[in-house]
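Inspection log for the structure reproduced underneath, given as structure tokens.
The values are calculated or read from the model by the stated rules, or taken from the named source; none is laboratory data. Here the structure is a predicted model, which is why all the values come from computation and not from measurement. All Cβ positions, glycine included, derive from the backbone under ideal geometry; neighbour counts span all protein chains shown. Side chains included, ligands, DNA and RNA excluded: accessible areas come from the protein's heavy atoms. Shrake-Rupley method; radii C 1.70, N 1.55, O 1.52, S 1.80 Å.
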Amino acid sequence: MESRMVFPRVNLDDRTFQDLVDEAKRLIPDFLPEWTNHNVSDPGVALIELFAWMTELTLFRLNQVPDRVYESFLDLVGISPYSSSQATGDLTFMFASVPDETVSIPMGTEVASLGDDPIIFMTSEDLEIRQPELVQVMTVPGGVDEEPDEGRAIDTSEDLFAQTEVLTIFGSEPMQRGDATYFGFSESLGRTVLRLDTEAEVKGVGIDPNRPPLSWEIWSEEGWIPCEVRSDTTGGLNRDGIITLVIPSNHLSLAIAGSRSYWLRVRLTAPIPEQPDYEASPAIRMLSFSATGGVVKAEHAETRGEEYLGVSDGSPSQAFVVSEAPVLSRNEFEYLEVRFDDSEERWTEVTNFSESTSEDKHFTWDSSSGTIEFGPRIRQPGGKWRQHGAIPEASAEVWVSGYRTGGGSSGNVGPDTLSVMRSAVPYVGQVTNRLPMLGGVDAESLDEAKHRAPLTLVSSDRAVTAMDHERLAIESDPGIKRAFCVPPSAVGEPTKLLLVPDPFTRADDLTIDHFALTEPLLESVTNYLEPRRVVGTAIELGAPQYVGVSVACLVTPRPGWNAGTLRQTCESRIVQYLSPIDGGVDGKGWLLGQSLTSGLISQLIADMEGVQRVEEVALFETDLRNQVRVGEAVEVIRLEPDSLFLGFRPRVVVK
């Protein structure tokens with residue numbers, strides 16, 4: 001391994017207290033030869049020691065490089081602390097009563113938590129909720145995964161519209177997996193909370209009414225994807241009741257048997273282990289659809305409107321500061337505008353002026369301080385000057401269209417925390433966040449920026465090595481916790497970059513859904529890596545394969561230890577150890593592709609306080625989606641090179 005020299009920290013003045021005293025005593029004969037008593041008891045020597053002590057304190061302060069100087073150093077090399085990022089998530093707006101007209105929830109609608117110091121979120125997109133119009137119903141036999149052909153689809157619209165016939169949901173005789181009924185609508189139902197009022201015949205007997213083997217799905221660019229079932233009082237379409245669905249945002253139209261509609265289907269699925277199956281198909285007499293609310297993206301932010309910053313003096317490197325900071329990253333509606341006479345011109349924000357010419361209307365906007373700067377004028381080696389970025393004309397007014405403030409970890413609130421409407425919306429009776437709001441990260445501290453700066457300077461800003469790819473992926477978005485670069489196995493294949501998102505939750509509560517890569521997260525990483533990748537290379541973003549593992553362990557406690565407390569401690573430690581985020585021996589996450597043995601778990605538990613002896617350890621692979629163990633107990637579980645472990649409900653018996 002190549003040795004690396006570290007420059008020692010140099011004191012600007014290394015004189016000590018005794019050095020100062022001795023130096024002052026040596027000067028006495030030159031300035032005051034009659035002073036001959038240099039003993040410690042002499043009052044003059046006491047004064048020398050006093051001033052030496054005061055001088056030593058001054059030198060100590062001199063040798064400390066203040067934070068402001070560090071900030072200047074980092075700024076000189078183009079490194080600034082990362083600004084805070086905002087938590088995001090979904091807000092569900094529910095109507096007080098079902099309206100006949102379209103309800104609009106505009107972007108910027110504010111919702112807050114309860115309390116004296118509320119956490120404020122605002123919607124980040126517009127949402128329009130219309131009442132659904134059902135135009136067609138089709139019954140399709142099983143064996144059709146994608147688009148049913150015309151010969152297999154049976155139009156059963158009249159059976160439902162006339163309300164004189166009973167609509168059999170799964171039409172095959174006998175029923176087979178994949179049997180489905182399709183409901184076609186005139187418009188997309190994306191982001192709608194859909195209510196289904198049903199009147200049913202008691203025919204689909206034999207099932208567990210709380211876990212019926214059926215799935216509600218819509219057509220999207222990814223194929224058929226499931227809808228979230230918020231509630232179902234019909235017992236699997238076996239009795240009168242109400243079903244509440246949340247329709248995903250990407251609800252697209254599809255032509256089935258020559259008829260193009262926005263389809264919602266209910267499909268018969270294969271029962272999971274210990275789940276009863278239908279003995280006969282459910283049948284309904286009446287089914288009506290209504291929109292009772294909608295789901296929209298929101299972020300931890302507050303909006304600031306149009307703001308006047310000042311008047312340009314026509315000089316390079318001008319700076320203006322907005323009234324509130326820090327500022328969140330800008331969206332398409334937030335920009336700078338220069339107004340001169342009767343003209344208004346929008347300027348473009350850039351990260352730096354390195355590629356800006358004197359004709360480019362560019363500016364930079366520092367999110368942490370809120371400072372907006374125009375380009376500098378740089379002297380060239382030959383004595384000429386080069387202007388990087390245009391400068392607003394003298395007397396031109398500088399405005400911003402608006403910006404958002406907020407962000408930070410305080411926005412990572414739990415479910416059902418945001419319930420106070422700060423903006424009035426007609427027909428809306430209540431609002432909440434059914435899931436946690438995640439992704440809020442505090443601004444990077446100066447100490448953290450100091451540690452990052454040397455690595456950034458050494459490795460530059462290009463994705464060349466595997467370490468570069470991993471570092472840049474983590475830098476690209478606060479929601480990325482770990483990244484693994486898998487080099488291509490053959491010439492021409494892409495470099496695989498496996499991303500582990502930050503779940504923003506405790507290890508004990510982790511599920512496979514916490515590690516899903518969202519479209520905004522992938523887009524953020526893609527946009528960051530695209531200008532930094534080497535020309536001619538391709539990068540494929542993905543996620544590791546997560547392998548569920550459940551540990552069973554028999555432990556003998558030390559005398560005097562409470563069995564219940566020790567059991568909980570051991571189970572939490574096992575889950576932590578297997579965590580993709582902070583597991584493993586070093587607490588930095590389980591290593592990609594590393595196998596797990598019962599001996600590792602035995603050693604882990606044996607080293608814990610209160611454990612006298614580990615009697616037995618068994619490992620089980622787990623189906624994380626269905627949350628069940630798979631197969632028999634084993635002593636070793638091996639991982640593929642692109643896989644990580646995720647612990648699932650360890651069982652420790654203290655006996």
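Numbers at a glance
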item	result
Test for Glu337: is it without any contact (Cβ under 8 Å) to a residue 60 or more places away in the chain and farther than 30 Å from Val413 by Cα	no
Selected residue (criterion: surrounded by the most Cβ atoms within 10 Å (Cβ to Cβ)) from residues of region 189-208 that are part of a loop (DSSP other than H, G, I, E, B) and under 34 Å from the mean Cα position of the chain (by Cα)	Leu189
Failed item in (1) closer than 13 Å to Val555 by Cβ; (2) surrounded by fewer than 16 Cβ atoms within 10 Å (Cβ to Cβ), with Asn626 passing the rest	(1)
Of residues in region 582-638 being in a loop (DSSP other than H, G, I, E, B) and among the charged types (D, E, K, R), the one farthest from Arg482 (Cα to Cα)	Glu609
Neighbours by Cβ (under 6 Å, 6+ apart or cross-chain): first from region 394-405, within 23 Å of Ser317 (Cβ to Cβ); second assigned to a strand (DSSP E or B) and among the small types (Gly, Ala, Ser)	Val398/Gly310
Some residue of region 396-407 being open to solvent by 30 Å² or more (accessible area, probe 1.4 Å), of a type in the set (S, T, N, Q) and outside any helix (DSSP H, G or I)	yes
Residue within region 328-349 that is modelled with pLDDT of 95 or more, open to solvent by 20 Å² or more (accessible area, probe 1.4 Å) and of a type in the set (A, V, I, L, M, F, W, C) present	no
Qualifying strands (runs of 3 or more DSSP E) (wholly inside region 295-378; at least 3 residues being over 25 Å from the mean Cα position of the chain (by Cα) and among the polar types (S, T, N, Q))	none
Out of Ile574, Ile601, sole residue that is buried (at least 18 other Cβ atoms within 10 Å of the Cβ), free of Cβ contacts under 8 Å to residues at least 60 places away in the same chain and aliphatic (A, V, I, L, M)	Ile601
Top-ranked residue of region 549-566 - restricted to ones that are touching an Asp or Glu at 6+ places or on another chain (Cβ under 9 Å) and more than 20 Å from Ala507 (Cα to Cα), ranked as surrounded by the most Cβ atoms within 10 Å (Cβ to Cβ)	Val555
Residue under evaluation Trp365, criteria (1) farther than 20 Å from Phe93 by Cβ; (2) surrounded by 14 or more Cβ atoms within 10 Å (Cβ to Cβ); (3) in contact (Cβ under 8 Å) with a residue 60 or more places away in the chain; (4) out of contact with any Pro (no Cβ under 8 Å at 6 or more places or on another chain), criterion not met	(3)
Set Ala319, Ala255, Ala283: member being surrounded by fewer than 17 Cβ atoms within 10 Å (Cβ to Cβ) and over 30 Å from Val103 (Cα atoms)	Ala319
Criterion violated by Ser186 - all others in (1) closer than 27 Å to Ser97 by Cα; (2) crowded, with 17+ Cβ neighbours inside 10 Å; (3) polar (S, T, N, Q) satisfied	(2)
Residue among Arg211, Arg230, Arg267 that is open to solvent by 40 Å² or more (accessible area, probe 1.4 Å), at negative phi, at pLDDT below 95 and assigned to a loop (DSSP other than H, G, I, E, B)	Arg211
Residue satisfying all of: in region 510-548; without any contact (Cβ under 8 Å) to a residue 60 or more places away in the chain and small (Gly, Ala, Ser); surrounded by the fewest Cβ atoms within 10 Å (Cβ to Cβ) among these	Gly536
Qualifying positions in region 423-441 - open to solvent by 90 Å² or more (accessible area, probe 1.4 Å) and within 24 Å of Ser85 (Cα to Cα)	Arg434, Leu435
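Each row is one residue, and each column tells you yes or no for (1) modelled with pLDDT of 85 or more; (2) exposed (fewer than 11 other Cβ atoms within 10 Å of the Cβ); (3) under 30 Å from Lys450 (Cβ atoms).
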{"site": "Pro8", "(1), (2), (3)": "no, yes, yes"}
{"site": "Asp13", "(1), (2), (3)": "no, no, yes"}
{"site": "Ile28", "(1), (2), (3)": "yes, no, no"}
{"site": "Thr36", "(1), (2), (3)": "no, yes, no"}
{"site": "Asp42", "(1), (2), (3)": "yes, no, no"}
{"site": "Arg68", "(1), (2), (3)": "no, yes, yes"}
